[in-house]
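First comes the structure, then the notes that go with it.
The values are calculated or read from the model by the stated rules, or taken from the named source; none is laboratory data. Computed from a prediction, not measured in an experiment: that's the story for all the values here. Backbone-built Cβ (ideal geometry, glycine too); neighbour counts: all protein chains shown. Ligands, DNA and RNA are excluded from the accessible area calculation, which covers all protein heavy atoms including side chains. Shrake-Rupley method; radii C 1.70, N 1.55, O 1.52, S 1.80 Å.
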Amino acid sequence: MTPQALLETAVLLGFFVLAGGGYAGLYSIGRLRANIGLVRAGALCWFTAFGIALVVAAATPLDAGWKLFILASALVYAAIPPMTWRYLERLHDDHSPEGAGQ
Amino acid sequence: MYRSQKLSLRYFGAAVALFGVMIVFGLLSALYYLHPSLLFDVFNFSTSKTLHIDTLVIWLLMGFLGAVYWYLPKELGREVEGMWLAELMFWIFCIAVAIVAAVFIFVQYGSSNEFTLWFINQGRKYVEAPRWATIGIVAVMAVFAYNVVATCIKAHKMTGIMWVLVIDLVPLLVVYLDAFPAITNMSVDLYWWWWLVHMWVESTWEVLIGCVMALVLMDVMGTSRRIVEAWLYIEVMLVLGAGILGLGHHYFWIGTPEYWLSIGGFFSALEPLPLLGMVVHAIYDAGTHRMKTTNRPAFYWITAEAFGNFIGAGIWGFMMTLPQINLFSHGTQWTVSHGHFAFWGAYACGVIAVLYVAKQQVSGVNFLDGRAWKWGFGLLNLGMIGMVMGLLLAGMAQAFFGRAIGGSTLMAFTTASENPWFVSGIYARFFFGVIFAAGYVVLVYDLLTAPKHLPMPQATPEPA
């Protein structure tokens with residue numbers, strides 16, 4: 001790994017998770033406020049994360065196993081916010097006296 | 001107020017005082033990087049760093065103990081069993097910490113012999129306290145475990161949270177025994193020492209703070225018990241599933257077999273996945289309960305914990321956890337940056353939230369809000385973000401110039417330490433450290449000041 005590749009890869013990995021977090025955050029706020037624009041902005045963040053994963057796979061000197069792992073992570077990222085949201089809604093509807101699905 | 005809650009107030013007081021000591025020695029340690037000859041032959045850098053890190057461990061531990069002593073009688077509906085012993089251990093704990101700190105400051109180091117190991121410095125990073133004090137901590141933890149278990153038995157009551165807490169007491173007590181060995185083979189010693197750091201401070205503490213946060217969420221946000229318990233079980237599964245083998249990322253470059261690179265990299269790289277779920281959960285809860293909480297500062301600190309954990313452990317950790325990156329970043333200021341952010345997010349914010357829970361009950365106000373806590377919250381978080389950005393910059397400069405270009409030689413280390421990127425990062429760390437310290441002063445002022453009696457918000461949380 002060259003010195004430049006070291007920093008580029010590390011920064012890409014950081015932004016990969018940041019974009020995933022942006023997706024989770026915007027998706028959740030969008031669902032909370034019933035704002036489709038925010039949900040779409042969240043989706044854009046996920047596409048950014050996936051794009052970064054592709055760049056990591058194509059342009060960094062990481063081993064092939066780690067590249068596959070990051071691509072797989074990007075796909076799993078897509079599912080986490082909606083799954084968690086549905087689980088939370090069901091949990092609150094089942095157990096909370098008020099419910100919380102907004 | 002229960003007697004154990006009075007004890008927890010003492011623990012909180014001691015924790016906040018040690019938090020301050022930690023900041024003082026953090027700033028002093030940061031100054032050494034700017035002026036390496038500072039206090040030459042009077043007070044060395046390594047002692048300052050030891051005091052900074054050890055007080056971090058102790059103030060958080062005291063915060064956890066205080067939080068459990070605070071909630072235990074509320075959770076089980078009775079006074080904590082064996083209170084006289086708990087109170088005795090609190091004073092022993094405080095006196096031991098004061099003696100150890102005095103020895104570190106005034107004696108600092110000794111010869112490489114048994115006397116030093118028992119009375120000056122045990123010589124193991126993060127658990128430098130001499131052996132007599134280490135035994136004292138084991139006694140404190142044993143009494144704490146007795147208090148919890150005996151109270152559950154006497155109360156004839158076990159909740160889901162209490163089951164998790166009681167089971168967590170086993171590694172809390174047993175894994176800490178790992179602080180004792182003095183193995184001469186450095187690889188073998190580090191192999192087991194990392195159990196102490198990862199399994200005790202990271203995994204076991206994570207479950208402990210998970211139990212505390214479950215109780216806080218019910219208290220502050222009125223979240224239902226079944227919901228917090230469901231999430232607590234998920235957290236325990238994640239700790240067992242990914243956290244334990246995540247230990248492997250500490251086994252890089254210490255002489256362990258190569259397969260640890262794959263195991264450690266894989267399991268620690270899984271960590272962002274549950275953290276994404278936590279971000280969703282935090283926003284869901286924040287949105288659902290924001291207008292209902294009667295304790296605004298506690299609510300904001302809980303939320304800060306979720307986001308701090310995601311950024312500090314998730315983003316900062318993932319940047320450097322894969323072995324090919326970690327080969328260069330390991331042990332640089334980059335790691336320090338990750339450590340600061342992750343500890344802040346995972347533990348410190350949660351303990352501060354509990355302090356505000358206690359403040360509300362002690363002061364007897366129905367609705368806790370104001371201006372000072374916002375300043376404390378803002379300054380502390382701004383200071384922390386600034387520090388970790390400065391440390392990240394400095395660490396990347398070290399990894400780039402000192403490791404990747406320079407080949408990790410002593411000369412390369414020195415060159416990297418004089419590089420303008422490194423130096424500016426270290427200056428930024430000190431500057432934002434001062435802001436952090438200002439935030440601490442405001443926090444203490446706010447915690448000690450009687451709150452105003454404000455009108456209740458329109459909706460209040462449902463009782464848990």
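Of note:
- Filter result for the condition that a residue is within 25 Å of the chain's Cα centre (by Cα) and open to solvent by 50 Å² or more (accessible area, probe 1.4 Å), over B:Leu380, B:Leu448, B:Leu410: B:Leu448
- Qualifying residue in the range B:194-216 (condition: among the charged types (D, E, K, R) and at pLDDT below 85): yes
- Residues considered: A:Gly30, A:Gly65, A:Gly21, A:Gly42. Of these, the only one that is at the interface with chain B (Cβ under 8 Å from one of its Cβ atoms) and crowded, with 16+ Cβ neighbours inside 10 Å is A:Gly21.
- Of the listed requirements (1) more than 8 Å from chain B (Cβ to nearest Cβ); (2) surrounded by 15 or more Cβ atoms within 10 Å (Cβ to Cβ); (3) under 11 Å from the mean Cα position of the chain (by Cα), A:Phe47 misses just one: (2).
- Selection status of B:Tyr284, over 26 Å from B:Met320 (Cα atoms) and either facing chain A (nearest Cβ under 7 Å) or of a type in the set (Gly, Ala, Ser) (or both): yes
- Pairs linking a residue in the range B:86-110 that is within 12 Å of B:Val140 (Cα to Cα) to a residue that is charged (D, E, K, R) and open to solvent by 40 Å² or more (accessible area, probe 1.4 Å), with Cβ atoms under 6 Å and 6 or more positions apart or on different chains, are B:Phe90/B:Arg10.
- Listed by position, the helices (runs of 4 or more DSSP H) contained in the range B:285-382 that have at least 3 residues being free of Cβ contacts under 8 Å to residues at least 60 places away in the same chain are B:296-309, B:316-321, B:333-343.
- Here is the figure for the range B:220-239: residues that are more than 13 Å from chain A (Cβ to nearest Cβ), farther than 15 Å from B:Leu273 by Cβ and open to solvent by 10 Å² or more (accessible area, probe 1.4 Å) total 1.
- Residue tally, condition assigned to a helix (DSSP H, G or I) and open to solvent by 40 Å² or more (accessible area, probe 1.4 Å), over the range B:75-101: 8
- Restricting attention to the range B:181-213, the residues being part of a helix (DSSP H, G or I) and farther than 22 Å from B:Gly264 by Cα number 6.
- Note on the range A:1-16: residues that are in contact (Cβ under 8 Å) with a residue 24 or more places away in the chain and buried (at least 22 other Cβ atoms within 10 Å of the Cβ) total 3.
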